Each structure stands twice: as structure tokens, then as C-alpha cells.
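J.: My questions will all concern the structure given below.
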Amino acid sequence: MGTYNWGTWLVEVVIAIFFISGFVVFYNQEWMPFLNRNHHYAQKQRQRLTRGGMTAFIFIMAIFFQFAAIIDPINSTTYLNLILYALAIPLMDDQMGGKEYLVRALGLMVFWMYNDPVFSWTFSASLVNLVVILAIIYKWNRQITDHWWADLGMSFWLGINFWLTQTQLTREYLVMGIAMFGMMSIFNFFYWTSARRNEVEQSQLMHQVNYDGLTRIRNFSSFDADGKLLMQTRPRTEPLTLVMFDIDHFKQVNDSYGHMAGNAVLVGVAERVTQILADSTMDDYSFYRTGGEEFNIIFGHHTPEQVMELVEEFWTQIREAKFYYEDDTMQITLSVGVSQRQVADPDFTALYQRADASLYHSKQSGRDTITVENQTFRSHHHNVASLTYRFFTQPIVDVATGKTLRHELLLRMYHPRFKQWQLPRVFEISAATQIELIKNILPQLDVKKISINLTKDQFADPDTAHQLVAYFQSEPELVAMIVEITHVPTAAVMHQMSQIYHAGGVELAIDDVESDNLYDKVAPLLTDVDCLKFAVQNLRQERETAEIWEQVAFWQELAAQNQLKFAVEGIETDQDVAMMKQLSIEWAQGYYYSKPALPKLD
């Protein structure tokens, strides 16, 4: 073929280097983001199209240069090196699956055989060498790309192996071909390494912005952006379902086992749900931790009916799973809310609010519940409530006789680490849970009259009121019920709620008058309640004894003027009892009579 012009060779090397620059940029930075930005495709479909598109792109480049080598044989050496580069170097892409690697490897072998039609013993040896090279790259891909000597060594081995099969060429042409591929490999290594480093840094930055650092799933920022984009880009008639769930009584987990244990539960839930989603046939979903113990899943192209089997699967598996941290074993449940995009939804917020309302419905129904569009779909809360809370009892007695008039039920939470019952930090349990706890304890009470405490928010909830009233009216053993309000609401709320409770025969009491609930807030409410309750123990540290009993007398007189019952709690000494008798107060409660105790359950 004559003497080769090395000046021309140098120009061709420079051209090849420019080709490599463009190839690397397109391969690493253009093709993948293009499909990832197109939300019309499902997630797994995007991945398949991305990988398939990359393989097709490589083969198209190889065919193009092979055709160029045929019509321009003078520069065939350059074209063959470009084909060899396009087919071989991307085999070190560590994101390839086995099938994709096999297709690309077969493409390289076809090129190999096409360009050596002689099929001599030299070709046979080179083909064996090629198979060995492909096997090594497949098995130790990551190790090769992590070490410069291995990366360049494999590239040089491949290039020498190919060019030695070109027996029709002169020695000068062979050296030129090998040298050119070597120069291309060296440049590729440094340029691709730099591009990969930049890609990794950019990926890490994007990961920090869009992913939760603890659970390693997408975060609220990503959730908000994805949700808005889906609502804007997908037709209004196309199904889109939002599944929102959170961990029941998660504050109790933190309080009982510590925040590190709580983190372990969050990670465990995220991992289990991620695996269940990956094992499913669903291919258009995104999973997010949107704050605290709340998670969301967006299902594209699917209605609630189509995703419910999957939702019920992870809801059940989480309930049955055990989560471990150090020596502690924890079990949890999930409350779930599900909603589908409506044609009239103006934005993503409308869908989010409906799913949130369904989640709230699950919690109000006793937790461990799935609610779809505010309709209960599944519920297991009755099996869970009594495992986490108990009602302790303390009698309210007749001062004159010492006999029990009724029992106040006081909420306690079991602390497994310290193996003892403690005051819960959060008293906001559902009405269904309170009712179950009452059912558990009622058979052990000698007097079937009870008082229970509600927080301000619990008292203001009509659903809670209706559930408690319905239970009281349906429970034949329960003779009387008083709801004690720990922090008073507005007059309007008190009037509204008192009508519900009084219609059902349930009495109302304002607890902790003078200490937590002052006169100016209590006075407008007196016509809607049945009892006032004074907590002596709340004032012992800040007032003198005589001043405390003066206030007791004032509130007793106020109760009498409004024909209300009056009770005093915190009675601890004989002197306290004597003052009660002196003031002719009938109802008393305190350590003098009995400390709160846990009755034995059947």
C-alpha cells in the first residue's frame, strides 16, 4: 500500500481526538438526560429506551464508518480505529446489563470477522483473544475502570489484537494503526475520566438536592417538582394516582427507643417499600419521603383500583415486619390515603389535599387503615391500639364516706427500654383507640362510671364526639361518662360540642380551673358544662396553702351559683381532707385515696 504519510497520520489522530470528545459528551451527558426529561415515558420504559438507544447509536456509528472505509480506502485505517473505539471502549460502561453487554459484544465480533475475511490461524488466535478480553471486561469492569494501568492495558491489548489480524497491511501501516488507537485510548482515558468525574459531581449535587439523605429516596423538593410537572404535561384524562402514607405513633417510637431507632425504622420502611415496588409489574412510579414519617408514591398511568393490590401488600408487610436497632425490636403500622387526579383539578395541590384528607380519615378511624377518596378500604387498628397504650384508673371519691363515685381514666404509654409505663408526650390518640382502651378496662372497674380527658383539638372534633357518644349509648355496662376538657376552646366550639355530648347523655367538665383555665376563659362556658374541677397540686409550688384554699372556695361558690358539680383533685394529706370537709366539698381525688393504677386485664 506504499509509504504512509505520518503528517497525514497526525492530522487524522487530531480528528479522531475531536471525534472522541464529541462521542464522550454525547454518550455521557446528552442522550441519558434527554430521555430522563421526557416524562411521557414510564420510568422503566425510559431506562430501556435509554440503554437501547445508546446501543443503537454505537452500531449506527460503526456502520457509518465501515461504509466510509469502503468508499474511502485511503483513510480506512482511521475509520477502522474509529469503529473499534465506538464498539469496544463503551463496553466498559458499568451501567450496562448482561443482555446489553452481550449485544454490544456480538456487534464487536461481527466487525472483527467482517474486516478479516481470510480466517487464518492468526485470525483464530485473535478471536480467542477477543473472547478472553470480553470476559475479563464483563467480570472485572469496575476494577478495570478504577485503575489507569488496567484501563489502558485492556485498550492497548484490544488494539494490538485487532491490528495484528490485518495481515494484508505493511508493517508501517500496522504500527500506524496500533499507534493511532493507542493515542486515542490515552486521550479517551483522561477525557472520559474527567467527564465521568464531572458527571459524578453533578450527579452527587443533584442527588443532594432531590434525595433524602437518610432513606436515599426522593425528597419533598423532588416530589413537588415532579407532581407539578406531571400535572402540566400529561392529559387531564390520563390516570394519575397519589398514595400518601405515614408511620403510626412514630413519636412514640422516638420517645420509647430514641431517635436513632426511629431513623432505623424510617430507613427500613423505605427499603421494604422500594423493594416491593421494584418487584411489582408497575413501571411508572416515583417514591418519596416528604417529611418526618410521611411518604408519598406517585403512580402514572394507573387508577387507584389498579394500585390497591400493591398498596395493600406493602401496608400488610410493614405491619408484619420487625425492625431492629441495637437490642430493641420494633413493630409499626401505616395509615394510608389514596386519591386520583380529577379532570377539574387546577393543579397538583388539589390532588395532594385530597390524598392528605384520606390519610387524615385513616388516622381518625384508628390508624393502621387504608382510605381511598375518604372511604375506608382496609383497617386493622383494633389489633394495634391496646399494644401501645393503657388507661390507668384513679377513683373520685365521696369525701364524707370515702366510697368511689367514679373512675378517672388516665392515659399511659409503655416505655419498652425502661420497662415501665409513663405519661405519653402525645395524647392525640383517636376516638376509636380510646374506645378500645375503655372496653379493655371496663370489666375491671367496680363502679361503671368514668371520666376521660380530651385535648383541645380532640374535643373540637365532631367525629370524636359522635364516636364517643355512640359507644356510650351502645355499652350497657357503662352507667355514666364525663369528658374532661384539659384546655378550654372558644365559646362557639364549646356550645357546638356540648350539644352533641349532652344529646347523647355525656357530661362535660372543665379540668384544671384556676391553674390552666382561668376565670375569664371559663366564665363564658359555664352554661354548657356540668362540672368544674380544681387541681390543688398544680398550685402548690407557686402559692401559699391559705391562698390556694381561698381559690378553691371561690370556684366552689361559682359552681354552686351555676348549679354545677365541683371536684378537687390533688388531695394528699389529712389537712387537705379536713379543708374539704370544712368547705362541704363532696367530690375528691388524689394520692390520699389512691394513686393511678393499672387494673389487671382479662
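J.: If we keep just the residues of segment 478-529 that are open to solvent by 40 Å² or more (accessible area, probe 1.4 Å) and under 12 Å from residue 564 (Cβ atoms), which is nearest to the chain's Cα centre (by Cα)?
T.: Checking each candidate, the answer is 507.
J.: Would a scan of segment 448-465 turn up a residue that is over 30 Å from residue 542 (Cα atoms), in contact (Cβ under 8 Å) with a residue 60 or more places away in the chain and not β-branched (Val, Ile, Thr)?
T.: yes
J.: Between residues in segment 402-414 that are at negative phi and residues that are surrounded by fewer than 17 Cβ atoms within 10 Å (Cβ to Cβ) and among the hydroxyl-bearing types (Ser, Thr, Tyr), which pairs lie under 9 Å by C-beta distance while being six or more apart or on different chains?
T.: Going by the 9 Å Cβ cut-off, the qualifying pairs are 404/594.
J.: Of all the residues that make up segment 530-554, how many are open to solvent by 10 Å² or more (accessible area, probe 1.4 Å) and aliphatic (A, V, I, L, M)?
T.: The total comes to 2.
J.: Let me ask something additional. Could you list, in sequence order, all residues of segment 317-349 that are more than 22 Å from residue 233 (Cα to Cα) and open to solvent by less than 40 Å² (accessible area, probe 1.4 Å)?
T.: Across segment 317-349, the qualifying residues are 318, 321, 323, 328, 330, 332, 333, 334, 335, 336, 337.
J.: Of these, 253, 243, 265, 307, which one is part of a helix (DSSP H, G or I) and within 23 Å of residue 377 (Cα to Cα)? Quick ask: steps written out before the conclusion?
T.: On the way: 253 fails: within 23 Å of residue 377 (Cα to Cα); 243 fails: part of a helix (DSSP H, G or I); 265 fails: within 23 Å of residue 377 (Cα to Cα).
Going through 253, 243, 265, 307 in turn, just one is part of a helix (DSSP H, G or I) and within 23 Å of residue 377 (Cα to Cα): 307.
J.: May I pose another question? Restrict the check to segment 291-300 and report whether at least one residue is in a helix (DSSP H, G or I) and within 17 Å of residue 371 (Cα to Cα).
T.: No, there is no match, as no residue in segment 291-300 is in a helix (DSSP H, G or I) and within 17 Å of residue 371 (Cα to Cα).
J.: Restricting to segment 245-284, give me the number of residues that are under 21 Å from residue 359 (Cβ atoms) and more than 14 Å from the chain's Cα centre (by Cα). Can you show your working first?
T.: Quick first cut of segment 245-284, residues under 21 Å from residue 359 (Cβ atoms) only: 245-254, 262, 265-266, 268-270, 272-274, 276-277, 282.
Adding the requirement that they be more than 14 Å from the chain's Cα centre (by Cα) leaves 249, 251-254, 282.
Count: 6.
J.: Among the candidates 190, 156, 181, 123, single out the residue that is part of a helix (DSSP H, G or I) and either open to solvent by 80 Å² or more (accessible area, probe 1.4 Å) or at positive phi (or both).
T.: The match here is 190.
J.: If I ask for residues that are open to solvent by less than 10 Å² (accessible area, probe 1.4 Å) and more than 22 Å from residue 393 (Cβ to Cβ), which ones from segment 440-477 would you list?
T.: 465
The values are calculated or read from the model by the stated rules, or taken from the named source; none is laboratory data. Bear in mind that the values here come from a model prediction, so they are computed numbers and not experimental data. Positions of Cβ are backbone-derived with ideal geometry, glycine not excepted, and every protein chain shown enters the neighbour counts. The accessibility values were calculated without ligands, DNA or RNA, using every heavy atom of the protein model including side chains. Shrake-Rupley method; radii C 1.70, N 1.55, O 1.52, S 1.80 Å.
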